[in-house]
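Chemist: A single structure is presented below for examination.
Rule-based calculations on the coordinates, nothing more; no lab input. Values in this document were obtained by computation on a predicted structure and should not be read as measured data. Cβ coordinates were reconstructed from backbone atoms using ideal geometry, including for glycine residues, and neighbour counts include every protein chain displayed.
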Amino acid sequence: MQKDTEIKRLIHSGKTFFLPQMTIKYLFQANSGIKIGFVVSNKIDKRATVRNQLKRRLREAVRKLLPDLKSGYSLLIIAKKSALDLGVLSLNKQLIFALNQIKVYNKKIDKT
């Protein structure tokens with residue numbers, strides 16, 4: 001997701017799902033594929049290397065889930081400071097839970 005107008009529309013008119021480590025804004029748009037954006041603010045850490053590392057971990061977690069996501073959704077994943085403590089596997093579990101709750105994820109969650 002790159003266009004500033006798309007992101008602003010998503011922030012203002014999209015629905016929100018809160019987790020302790022991230023906030024997910026989402027909006028259904030019928031005639032489009034899936035679009036995913038990531039926000040890692042200066043408030044999380046002043047160092048760009050730390051913010052970029054978190055963004056790479058988020059992208060990797062989402063990349064693994066991408067084949068199982070429903071098309072037609074725009075997602076904006078906004079990281080919080082507590083997301084720095086999570087590894088890729090933990091981020092993956094958090095994203096699966098959140099995406100399942102907002103009914104974007106096609107697979108069922110294993111209760112193990």
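Chemist: Residues that are of a type in the set (S, T, N, Q), on the phi < 0 side of the Ramachandran plot and surrounded by 12 or more Cβ atoms within 10 Å (Cβ to Cβ): find the strands (runs of 3 or more DSSP E) completely inside the stretch 5-112 holding 1 or more of those.
Modeler: In the stretch 5-112, the matching strands (runs of 3 or more DSSP E) lie at 15-18, 22-28, 73-79.
Chemist: May I pose another question? In the stretch 73-102, what residues are small (Gly, Ala, Ser) and touching a helix residue (DSSP H, G or I) at 6+ places or on another chain (Cβ under 7 Å)?
Modeler: Scanning the stretch 73-102 gives Ser74, Ala79, Ala83.
Chemist: Determine if the stretch 71-91 includes at least one residue that is within 22 Å of Lys8 (Cα to Cα) and of a type in the set (Lys, Arg).
Modeler: yes
Chemist: Within the stretch 87-98, track down each residue that is closer than 23 Å to Asn52 by Cβ and either of a type in the set (S, T, N, Q) or within 14 Å of the chain's Cα centre (by Cα) (or both).
Modeler: The answer is Val88, Ser90, Leu91, Asn92, Lys93, Gln94, Leu95, Ala98.
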